[in-house]
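What follows is calculated from the coordinates using simple rules that are stated; it is not laboratory data. Owing to the predicted nature of the structure, the values given are computational and were not obtained by experimental measurement. No Cβ is skipped: glycine too gets one built from the backbone with ideal geometry, and neighbour counts run over all protein chains shown.
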Amino acid sequence: MTNILIIDDEKAIRKTLSEILSFEGYKIEEAADGEEGLRKFSEKTFDVVLCDIKMPKLDGIEFLEKAKLINEDVPIIMISGHGNIDTAVDAVKKGAFDYISKPPDLNRLLITLRNAVEKQTLVSETKTLKRKVSRVQQMVGVSSSIEKIKSTIEKVAPTDARVLITGDNGAGKELVARWIHEKSNRNSGPMVEVNCAAIPGELIESELFGHEKGSFTSAIKQRIGKFEQANGGTLFLDEIGDMSLNAQAKVLRALQEGKITRVGADKDVSVDVRVIAATNKDLLKEVEEKSFRLDLYHRLGVIIIHVPSLNERREDIPHLVNYFLELIAIEYGQPKKAVEKNAMEALRQHNWTGNIRELRNVVERLIILSGKTISKEDVENFVLPRK
């Protein structure tokens, strides 16, 4: 049901509008002045606001300006018996959806309301679709470590410096890489991802550099590798600590010379690629154990960004929970669920071995299995391990 807030200091006007619009199927809430209206507007969600201009405490134009700072998407229709064309123009310039003179013509009012509701619906649907197709999720958190990462991204992204991202599985290394690409001068080009741990050692060179037809038994046609696919953009080498030494040597050459050679070819191919790498391993320890090249480590680690585990930034957990609650509610097409205070504290104290990836799965599980609100009992039943 469409929620409408009526703000007018004349009780008779409020009552008349409320009765008419309630009969038309709208859910109505009233406010006797601009201050009360602003308080209700900030506390609840309304689809449309009908607001008088001449009111005590806070007039309609002042309400309009303040309300737009709270939620600029809600259509606000100004109504006044004291206005003129200049007042109407001023209101529209400041963001009013429309202006109606008192006493309002009923047909005009209902048509204007219908148009405002349709506009609000379109705005809401557009935001939902943009969120669904958005390539990059938000980097959520207020901890000092997250603020430091955001600051580093802002400085590094516009350059072509190679970046090495370290951190546990599920901590958000890929998200950091995506934000670097999005804020870079290469964001109109492709971002190509390679999970080095998921590709068998004998196939990694073909995956990265491509191959020519007939270069080996199963090479039935030419293949363009990830380096060429990422030309003009960014190549994200995830879990690079699992790459074979032979492939590491060829990656090093590609970084040094800006050229690659397809498997089975005798010609070099020039590539313009920014490489971002990520690992959950201690690469210096891998260097000591002779399983990772020191020269490649130095080539990749021009800038090193460490992503902390979720257990290291527990102050961000409530923000992440609320973000996922909203995101998943949009995906499911249902209202966002609330989390009781003691339930949120239980989530904050949980041992998040799977980091943010685990937290998102847990929030989705709680949305599905809990009641209208998520309680501490829900957390104990569906999240915490059974003893």
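Some points to look at:
- Here's how it looks for residue 169: its modeled amide H is under 5 Å from none belonging to a residue 5 or more places away or on a different chain.
- Calculated mean residue ellipticity at 222 nm for the chain: -14000 deg cm²/dmol, from DSSP H runs with n ≥ 4 weighted as -39500 (n - 2.57), summed, divided by the residue count and rounded to 500.
- Angle in degrees between helix 317-332 and the longest Cα principal axis of the chain, rounded to the nearest 10: 80
- Around the amide H of residue 338, modelled in the peptide plane, lie the amide H atoms of 374, all under 5 Å away and 5 or more residues distant in sequence or on another chain.
- Across region 144-308 the C-alpha pair distances fall into 10 Å bins from zero in the proportions 11, 40, 35, 13, 2, 0 percent.
- When 6, 13 are arranged by Cβ crowding within 10 Å, least crowded first, meaning fewest neighbours, the order is 13, 6.
- Global geometry of the chain, whether rounded, prolate or oblate, following the gyration tensor of its Cα atoms and the 1.5 cut on a/c: prolate
- Taken about its Cα centre, region 1-141 carries a charge dipole of roughly 700 debye when the Cβ of each Lys and Arg holds +1 and the Cβ of each Asp and Glu holds -1.
- Residue 2 long-range amide H proximity, modeled H, under 5 Å: 27
- Cleavage-rule hits (trypsin sites (Lys or Arg not before Pro)) in region 307-338: DSSP loop, at most 15 neighbouring Cβ within 10 angstrom: 336
- Considering only 91, 158, 350, the residue lying farthest towards the positive end of the dipole of the chain is 158, judged by Cα position with unit charges set on Cβ.
- A Förster radius of 51 Å combined with the Cβ-Cβ distance from residue 187 to residue 92 puts the calculated FRET efficiency at roughly 0.90.
- Our coupling estimate for region 96-101, obtained by passing each phi through the Karplus curve with A = 6.51, B = -1.76, C = 1.60 and θ = phi - 60°, is 5, 6, 6, 9, 10, 7 Hz, Gly and Pro reported as x.
- In degrees, nearest ten, helix 245-257 long axis to first principal axis of the chain (Cα): 70
- Counting every other Cβ atom within 10 Å of each residue's Cβ, 159, 373, 279 order from fewest to most as 373, 159, 279.
- When 226, 290 are sorted by how many other C-beta atoms sit within 10 angstrom of their C-beta, beginning with the fewest, the order is 290, 226.
- Each Lys or Arg adds one and each Asp or Glu subtracts one; over the other residues with Cβ under 14 Å from the Cβ of residue 154, this totals +2.
- Annotation note: GluC sites (Glu not before Pro) in region 174-204 located in DSSP loop regions with a Cβ neighbour count of at most 14 within 10 Å are 202.
- Using the Karplus relation 6.51 cos²θ - 1.76 cosθ + 1.60 with θ = phi - 60°, the per-residue 3J(HN,Hα) values for region 209-224 come to 10, x, 8, 8, 4, x, 6, 8, 3, 8, 7, 7, 8, 5, 10, 8 Hz, with x marking Gly and Pro.
- Angle in degrees between helix 106-133 and the longest Cα principal axis of the chain, rounded to the nearest 10: 10
- This model, with +1 at the C-beta of Lys and Arg and -1 at the C-beta of Asp and Glu, gives the chain a dipole about its Cα centre of some 760 debye.
- DSSP finds beta bridges in the chain, and of those with both partners inside it, around 10 percent are antiparallel.
- Pairs exceeding a 28 Å alpha-carbon distance, out of 94/183; 44/183; 44/372; 221/290: 94/183; 44/183; 221/290.
- Exceeding the 19 Å Cα-Cα cut-off - candidates 68/337; 57/93; 226/267: 68/337; 57/93
- Centre-to-centre separation between the Cα atoms of region 228-299 and those of region 334-358: 38 Å.
- Difference of contour (0.36 nm per residue) and Cα-Cα distance, residue 169 to residue 331: 55.8 nm
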